[in-house]
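Worksheet: the structure to be examined is printed underneath.
The values are calculated or read from the model by the stated rules, or taken from the named source; none is laboratory data. Quick caveat, the model's predicted, so the values are computed rather than measured. Neighbour counts run over all protein chains shown; Cβ positions are idealised from the backbone, glycine included. What goes into the accessible areas is simple: the full protein's heavy atoms, side chains included, and nothing from ligands, DNA or RNA. Shrake-Rupley method; radii C 1.70, N 1.55, O 1.52, S 1.80 Å.
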Amino acid sequence: MAPAISLRGVTKRFLTPSGGVYTALHDVDLAVEPGEFCAVVGPTGCGKSTTLALISGLEPPSEGEVQVLGKPVSGIADGIGYVFQSDAVFPWKTVLENVAAGPRYHGAANREARDRARDWISRVGLAGFEDRYPYQLSGGMRKRVALAQSLINGPRILLMDEPFSALDVQTRSLMENELLALWSASSASVVFVTHDLEEAISLSDRVFVLTAGPGTVKSNYKVDLPRPRNVAEIRFQPRFAEIYEELWSDLRDEVLVSYERQKRSGAA
Amino acid sequence: MSAVATAERPVSDLAARRARDARRRQLTVQGLRVLTAVVWLGSWELTTRLGWVDKFFFSQPSEIALRLWTWISEGTALGPLWYQVYVTMEETVLGFAVGSILGIAFGVTLGGNRLLSDVFSPYIKAANSIPRVVLGALFAISLGLDIRSKVATAAILVFFVVFFNAFQGVREVDRNLIANARILGADNRRLTTEIIIPSALSWIMASLHTSFGLALVGAVVGELFGATAGVGELIYSAEHLFDAAGVFAGILLLAAVALVAESLITALENRLIKWRPQVVVETKFG
Ligand SMILES: Nc1ncnc2c1ncn2[C@@H]1O[C@H](COP(=O)(O)OP(=O)(O)OP(=O)(O)O)[C@@H](O)[C@H]1O
Ligand SMILES: [Mg+2]
């Protein structure tokens, strides 16, 4: 079967404000199977968010090819959900209007869009908050709005950029379990960016480790833990510890490289 | 000891005390405001009565009040008072509307289009740098002495302020929100109406506060260049007669009009931008 997402020899360069060229990603090869839940980990600044931007079509690659659902990416395609790293819910829309935006943009009648939005709002546990504006919600609640906003369109590809990093541990494992339940009821392929190795292993089927910037895929681990999983308990399994150890020895080197580099550029 | 008592008091009690404190503060502020007015007007009245300050140039509060009363009860030299206020308000509101609609339209268009904004920016900067009230003279010649020249003067003053704010507002739209809307499937029209304009609206609303005042300036200046009615004309003809009380009375009228308009705009803002945490308007100079 053709992969749902594939990056082949992808390089991404940015122009810096001073006129130089900065290579964010270098020769990245990565494939995600249909229905697969993948995590991408790597030190800060290694190009994880950039990878998602390339898959979504928000940014074109400088070299190489990005394919989604068997077609080369040129601009934003349909069927993609994207939960951004920073808050991206619309501050002037209520929770209901925020969640109903996707269906409305796809031509659904107002009424139908609202009905579907209500359903999704209760699925992410926000029933009763339909008429609040984002500034009246907590950070975790805003993330739920973002999640419902992306999922309501029934995406076949779901891109998530550190969606739970701002949440406390309890809320976080709650939401992780919810995410797994929602995902297993769909047939979406997920790319989940995180810097938390435990989160990456407990959620996904496969973990990609990126090198310190310019990022390239250093290793690619299959996570053979059984499903359905309970993220709060799975980390106590012996197999989890084995995978963690392997991945961490890979990631640690890159984090150190990245840290040394930042220290040096900070001192310079 | 009092700390213990506070800790044990129920929440509703605490809320009641907060409300009482707020009320007391409110009373203090109002009282001091009245006191300021009394001191200011009293010393004005006193110094002019004692002849320390020349009443001929500076008039005096009692005389201004009397003049206002005469205008209200017997009408002005130009006709009934309400008509003068009406004429000036009509010019102001029309100028404000024309200026802000054009300002928003041009600001949003140019803000969203790199090529257009690059082409027009030197011209707009040049036009902005001339003192625009002098255009009132030009309009008086080209559009005649009827309402059109006043509306045009008011509109041109309003236009630039609103234009720059709308332009900047569009430029400052969060890239993330645009990306999110596009991923969710928004087309260009939806992007403009649902993301760009609402986002720019807080900038635009901020400019409307200042620009209503400017519209009033435009209308009054337009009247100075030639008119048969209006509060500006009223001030102008009083000045011709060296009637300081008439000038002050006219200024007072303008101030009252501006205050009413300001509160209307604040009400409109609170309706349009209810998604923002409510700003405390109390402590602001209104
Ligand atoms: N638009 C841009 N212009 C210039 N440089 C950019 C741009 N976007 C990203 N970069 C650079 O590319 C590199 C990778 O950025 P990216 O946001 O993908 O990192 P990340 O892995 O998501 O980091 P984090 O974990 O901190 O979110 C960074 O060094 C960043 O400075
Ligand atoms: Mg990132």
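Remark on residue A:210: its backbone amide H falls under 5 Å from those of A:41, A:42, A:218, a criterion applied only to residues 5 or more positions apart or on other chains, H modelled at 1.01 Å from N. The antiparallel fraction among DSSP beta bridges confined to chain A stands at about 55%. Helices that extend 24 Å or more along their long axis by alpha-carbon positions and average at least 1.0 on the Kyte-Doolittle scale are, among the DSSP H runs of chain B, B:81-111, B:147-171, B:197-224, B:244-272.
When the alpha carbon coordinates of region A:13-144 are projected onto the principal axes, the ranges are 48, 34, 26 Å, largest first. Rounded to the nearest 10 square angstrom, residue B:83 shows an accessible area of 100 square angstrom against a 1.4 Å probe. What is the log10 of I(q)/I(0) for region A:56-212, computed with the Debye formula using one identical point scatterer on each Cα and no solvent, at q = 0.17 Å⁻¹? Taking Cα atoms of region A:56-212 as identical point scatterers yields -1.07.
Between Rg and the Kirkwood Rh of the protein assembly as shown, both from Cα atoms, what is the Rg to Rh ratio?
Expressed as Rg/Rh, it is 1.12.
Rounded to a whole number, what % of the accessible area of region A:76-119 do carbon and sulfur atoms account for, probe 1.4 Å? Using a 1.4 Å probe with all protein chains present, region A:76-119 comes out at 43 percent carbon and sulfur. Here each label is just a point 7 Å from Cα along the line to Cβ, and for residue A:252 and residue A:170 those points are 3.3 nm apart.
Computing FRET efficiency as 1/(1 + (r/R0)^6) for residue B:145 and residue B:271, where r is the C-beta to C-beta distance and R0 is 56 Å, gives about 0.90. Among the residues of A:78-88, the average count of other protein chain beta-carbon atoms within 10 Å of the residue beta-carbon is 3. For the chain pair B and A, buried accessible area totals roughly 2100 Å², probe 1.4 Å, rounded to the nearest 100. Ordered from highest to lowest accessible area with the whole protein assembly present and a 1.4 Å probe, A:83, B:108, B:133 read as B:133, B:108, A:83.
Quick one: Debye curve from the alpha-carbon atoms of chain A only, equal weights, vacuum; give me log10 I(q)/I(0) at q = 0.10 Å⁻¹ to two decimals. One equal scatterer on each Cα of chain A leads to -0.53.
Between residue A:11 and residue A:241, the contour length at 0.36 nm per residue exceeds the Cα-Cα span by 79.5 nm. Calculated mean residue ellipticity at 222 nm for the protein assembly as shown: -19500 deg cm²/dmol, from DSSP H runs with n ≥ 4 weighted as -39500 (n - 2.57), summed, divided by the residue count and rounded to 500. Express the Stokes-Einstein translational diffusion coefficient of chain B in µm² s⁻¹, to the nearest whole number, given a Kirkwood radius over alpha-carbon pairs, 37 °C and a viscosity of 0.692 mPa s. Calculated translational D: 145 µm²/s.
List the longest stretch of chain B that has no exposed loop site; here a site is one of the GluC sites (Glu not before Pro) assigned by DSSP to anything other than H, G, I, E or B, with at most 15 other Cβ within 10 Å. Counting only loop sites that pass the neighbour cut-off, the longest clear stretch is B:1-171. Of the complete DSSP H runs in chain A, those spanning 27 angstrom or more by Cα along the long axis with a mean Kyte-Doolittle score not below -1.0 are A:238-267. Of the accessible area of region B:93-249, computed with a 1.4 Å probe over protein heavy atoms only, carbon and sulfur atoms account for 69 percent. Label reach from residue A:63 (point 7 Å along Cα→C-beta): in region A:205-243, amide nitrogens under 17 Å belong to A:213-217. Other residues with beta-carbon under 14 Å from the beta-carbon of residue B:87 carry, at +1 per Lys or Arg and -1 per Asp or Glu, a net charge of -3. Inter-chain neighbour count for A:98-104: the average number of beta-carbon atoms from partner chains within 10 Å of each residue's beta-carbon is 3.
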